[in-house]
1. Let me make sure I get this right: for segment 161-249, a, b and c are the square roots of the gyration tensor eigenvalues over alpha carbons, sorted descending. Under 1.5 in a/c it's rounded, otherwise prolate if a/b > b/c, else oblate. Which is it?
2. Counting only residues 5 or more places away or on other chains, whose amide H sits under 5 Å from the amide H of I219 once H atoms are built in the peptide plane?
3. For a 31 Å ceiling on Cα separation, which of these pairs sit above it: K145/K239; K104/K137; K135/K239; K96/K129; K104/K135; K166/K221?
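Here, each number is a calculation from the coordinates, and none is a lab measurement. Nothing here was measured: the structure is a model prediction, and the numbers come from that model.
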Amino acid sequence: MIDELKKSIAATLYERNSSPFYGTFIFSWLIWNWKIPYVTLFINADDLSNNKMDYIANEINLCHAVLLPLASTLVFIGLMPFITNEAYRITLGFRKKRKEYKQKIENEQLLSKEESFAIRQEILNTEQKFDELLKSKNNEIEQLKGIIQNNSINKNNNGYENENEKEEFTQIINNILTSPPTIEDYRALLRWIQQGYTMGSPDAPNQDIVSYLESAGIITKNDKAIYNFTAKGERFKNKIGERLIQNRK
């Protein structure tokens, strides 16, 4: 019971302390009745014609004790939000003007030689990077154009780059396919290249067919002594594969 009473009193006091009405009313009451706390705190009873209690009783009346402080409280509470908002608006206006003035001064301020040189150097570096990037992209475009052109050539020439290549492939394919041992040597070479073996590996193909196709530009050797088909060799591999299939039929 006592604990509940304490909590109730504490809640009431907190509500009154946090409410703007009570604080404003007390402030207004002190303004209208300033003589009472002044006499109570700072004036001796000997300086008065009667005692302090009688003086205070004579000063207190309904108008000064209740009506005027209440009216002032309502006026303060009603006008304070408008006054606060207007003061905030004026403050923001001054901040905006100060920012605009600062920006104007900074825009009109001349750059030093060091700052001008740094900005110019940065612009030059940016232009150089842009030129390098543009050059790189142009090279990529030219390479793509070349690939498209080669594909178009291959398509128009039935998989050959030109008529000379067609005649060359026909002769090499005929030389290989006219001899069964040579056909087996080519098949061994094909398996050998696909498995990534070098010349020193076991089951290496016949050196004659390796030298023959390498001299024709159909296969090539990299820095690790591993042979691979060139772009020309890929076209050759497709053509000889077509002939082998036709021969089986």
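1. Details: a/c = 1.94, a/b = 1.33, b/c = 1.45.
Oblate, since a/c reaches 1.5 and b/c is not below a/b.
2. Those lying under 5 Å, H to H, from I219 are E214, T230.
3. In this structure, K104/K137; K135/K239; K96/K129; K104/K135 exceed 31 Å between Cα atoms.
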